[in-house]
Amino acid sequence: MEHLILQLKKQPAFQEASVLAFECTWDKLLHEIDDLLNQLGFVYFTYSVLTRGQINSSSEAQKQRWNEGSDIVGSLPDAVIKNYYKDVAHHDPLWEVLPRITAPLLASSLISGQSSVADNFWLKQGVSSRVYIPMKSKSNRYWFHYFSLFHKLPAAEFESFFSNVSEWLVPMLTRYHELLQVVCEQEQNPYIKSEILSPTCQQVMVMTAQGMPVKRIADKLALTEEGITYHITRAKKVFGAKNKTHLVSMMHEVGLL
């Protein structure tokens, strides 16, 4: 194991992000992560983004995750992802705690216990143990990225195994997360992906953030002043903002401005 760790520490994740980001693509980084985890016996992994429900929590866009798992990339086959969200996710107690975890969570350590439906589903995929590892970002208040790792070891053995490798594996995955963010920060923004604001509304908000008055924005976009006010009001409702200043601040925080 020590020799393997030394070899894995030579992975590009330990190079400078500012250099590596120009040399790596999204697919290349995901392939490197897959190679790394395969050497440790992990059969699958996913890298996902989960919103915390503070913005637009009742939107149909938020339900898209349950319909098709569209926020997930990694080595887990698409058919498995879709079947999980369609038939299993609603029975999995994992989702009662996942948005709030701040440290790696082993599925076997869920206080409410594991779901037999979820366990049987993953066993059919050759998975006996799962661990979920949250990753921090500058917009951590509104969403977080996380790695899901799937292993063939039984729960008791996996707990000991993960305890031995987590000290260096988690920092390595964190480094990959930082690199993935450099490469595709906008593409992984859940609020851009789910298009919670229309293109026109976003244009209005960009101009509003620049300090333009409603009349000037209306003239530039060939809209009525009432139309501009409607878009601003809708954006405040979506974000739960108290006023325009608060709205602009929130949109900056989540990367929409």
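Any chance you could count how many residues in the stretch 6-48 are of a type outside the set (F, W, Y) and at pLDDT below 50?
Residues in the stretch 6-48 being of a type outside the set (F, W, Y) and at pLDDT below 50: 8 in total.
Of all residues in the stretch 234-254, those satisfying the criterion of being surrounded by fewer than 13 Cβ atoms within 10 Å (Cβ to Cβ) and part of a helix (DSSP H, G or I) are K237, T245, H252. Checked against (1) surrounded by 14 or more Cβ atoms within 10 Å (Cβ to Cβ); (2) at pLDDT below 85; (3) not in a helix (DSSP H, G or I), E195 passes all but a single condition, namely (1).
The values are calculated or read from the model by the stated rules, or taken from the named source; none is laboratory data. Predicted, not measured: the structure shown is a model, and the values here were computed from it. Cβ: placed from backbone, ideal geometry, glycine included. Neighbour counts: every protein chain shown.
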